[in-house]
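Q: First, the structure itself, so that you have it in front of you.
The values are calculated or read from the model by the stated rules, or taken from the named source; none is laboratory data. Nothing here was measured: the structure is a model prediction, and the numbers come from that model. Here the Cβ positions follow ideal geometry from the backbone for every residue, glycine too, while neighbour counts run over all protein chains shown. Surface accessibility is based on the protein's heavy atoms, side chains included, excluding ligands, DNA and RNA. Shrake-Rupley method; radii C 1.70, N 1.55, O 1.52, S 1.80 Å.
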Amino acid sequence: MSERPPEDVPEGIEAQPRGARQRGSKPIDQAEAAKRFLAAPRHQQQHDARLWTLRQRRDEQMWAMPEWEELRQLASDIKEHTLSRLDHYLEMFEAKAKANGVVVHWARDAAEHNKIVQQLLEQHGARTLIKSKSMLTEECGLRADLAKAGIDVVETDLGERIQQLDDEDPSHVVVPAVHKLRTDVAKVFAATIGSDPDNDDPPYLAEAQRNAARPVILSAGAGMTGANFLVAETGAVVVCTNEGNADLCANIPALHIVSAGIEKIIPRMGDLAVFVRMLSRSALGSPITQYTSHFRGPRPGAEMHVVLVDNGRSERLGMAEFWTSLKCIRCGACMNTCPVYRRSGGLSYGATYSGPIGLIIDPTFNARKYSNLPYSSTLNGSCSNVCPVKINIHEQIYAWRKVLVREHETPFVKRAAMRAAGAVLARPTVYRAAIEKTNDALTSLPRFVIYNGMNEWGKGREMPRPPAETFHQWFIRTRGDKP
Ligand code: SF4
């Protein structure tokens, strides 16, 4: 993927916009963080252009495969079948993995996961853990917990390492630092690994990071990978990367820990082909990832442990309207296509998972904290259309809005506005009168009366000029009767 900014982005120094601010127990204000991202045009335009390029490449791959829709259906069916027999396939995986010499652990939640990992590291005397990209460990807050125990965690994925050195979370599930300009990366590396602050050439920056990280990788006491897929019939862990860093983490230290969500299971090796064909095409618009690594057991003289993590997944599985969100293979296609995400950046969501998939997963972790997120969508349905496992994302976003209203997690102002709108929309005569009066007001009132601090909607948008007559008036005039 190109790291060059689009031609029309104006040159000049622009501070990197930061993510959502957490204010005590108040819900995350994504709109406020998005506003700051929009106020940084170089970042915003480059972010939008990069992600739209990925979306277009994904489309090219899709059109090149006549069986694309058939594969999507198959992928969805396999996931739904597996999720509806999850206990069976998890036990099958556990038995096979144990037979292969792997130690399998079960973690009920994030705290238990982090404790298991910490104990393993302490048992092996490992003070440094090298790891490849894993959204699950972000979800569990692993790095922070291990830091408290004096264990140093070093990210080996380039984007993830940039984010770690900048003390930021990943902003995208596939391209964690996609919201940054090359100049931002040069600044972070200059401050942390001593590279030239004026050199923002991507190969130079990648080389500088490689040189800084390689000695740490070679001497680390333990390595960790995530898992894209867990194959029940063989007990294999499959990890897809483009940098080969997962292979370093798994193959250099004498201890390999795999951190995997329980929804990553697929029944057979034959099923893997379906997902491998869909994953990279949907994510980056490339036919396949550079590395599709299969880890089936420990190397001679080494240990391999798999930690299977629930952390709310079983509960989500029981949610009639939301359980299919567990089909997600974290390709990021829904983020790349989302007009809100592309223009606001992943960090504005203030959650591990951002973009459309985040809107339906995050409230399952904390309904109050993420109660605003389901409103950060136009409900245009593009996310559902590109999803390789056919999750009805936009319908679930809408369903969350209803749940949050029912559970009183919607702000008073929004509730009052919706109640007023409902009262008007339920009475045709009142509705028609309101439309006519609004059209008159929009044409005759001075601008400051309409576009002022009270009009949140109008802060970033212009109202279209109202038509000379409403549809109802047009119908009466041309048909001479009531519609
Ligand atoms: S919801 Fe679908 S499109 Fe979005 S990340 Fe998951 S699999 Fe990809």
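Q: Determine if region 321-340 includes at least one residue that is open to solvent by 10 Å² or more (accessible area, probe 1.4 Å), more than 16 Å from the ligand (Cβ to nearest atom) and modelled with pLDDT of 95 or more.
A: Within region 321-340, not a single residue is open to solvent by 10 Å² or more (accessible area, probe 1.4 Å), more than 16 Å from the ligand (Cβ to nearest atom) and modelled with pLDDT of 95 or more.
Q: Okay, next question. What are the pairs with Cβ atoms under 9 angstrom where one residue, in region 237-253, is on the phi > 0 side of the Ramachandran plot and the other, located anywhere, is surrounded by fewer than 21 Cβ atoms within 10 Å (Cβ to Cβ)? Sequence gap at least six, or different chains.
A: Every condition considered, the pairs that remain are 244/290; 244/291; 244/293.
Q: Still on this structure, I have one more. Residue 464 passes all but one of (1) over 33 Å from the mean Cα position of the chain (by Cα); (2) within 16 Å of the ligand (Cβ to nearest atom); which number fails?
A: The failed condition is (2).
Q: Kindly indicate whether residue 343 is more than 13 Å from the ligand (Cβ to nearest atom), more than 24 Å from residue 260 (Cβ to Cβ), touching a residue at least 40 places away in the same chain (Cβ under 8 Å) and open to solvent by 10 Å² or more (accessible area, probe 1.4 Å).
A: yes
Q: Just wondering, is there one or more residues in region 408-430 that are closer than 28 Å to residue 54 by Cα, away from the ligand (no atom under 14 Å from the Cβ) and hydrophobic (A, V, I, L, M, F, W, C)?
A: No, region 408-430 has no match at all.
Q: Additional query: Which of the residues belonging to region 313-358 are among the aromatic types (Phe, Trp, Tyr) and in contact with a Pro (Cβ under 8 Å, 6 or more places away or on another chain)?
A: Of everything in region 313-358, just one residue is among the aromatic types (Phe, Trp, Tyr) and in contact with a Pro (Cβ under 8 Å, 6 or more places away or on another chain), namely 341.
Q: Shifting gears a bit: Can you tell me which residue is surrounded by the most Cβ atoms within 10 Å (Cβ to Cβ) among those in region 411-437 that are under 30 Å from residue 27 (Cβ atoms) and among the β-branched types (Val, Ile, Thr)?
A: 424
Q: May I ask you to verify whether residue 257 is touching a helix residue (DSSP H, G or I) at 6+ places or on another chain (Cβ under 7 Å), within 16 Å of the ligand (Cβ to nearest atom) and either of a type outside the set (Asp, Glu) or open to solvent by 30 Å² or more (accessible area, probe 1.4 Å) (or both)?
A: When the stated conditions are applied, residue 257 does not pass them.
Q: Could you run through region 61-91 and say how many residues are within 20 Å of residue 238 (Cβ to Cβ) and open to solvent by less than 60 Å² (accessible area, probe 1.4 Å)?
A: So the answer is 11.
Q: Go through (1) within 40 Å of the chain's Cα centre (by Cα); (2) exposed (fewer than 10 other Cβ atoms within 10 Å of the Cβ); (3) not hydroxyl-bearing (Ser, Thr, Tyr) for residue 481 and report which single condition fails.
A: (1)
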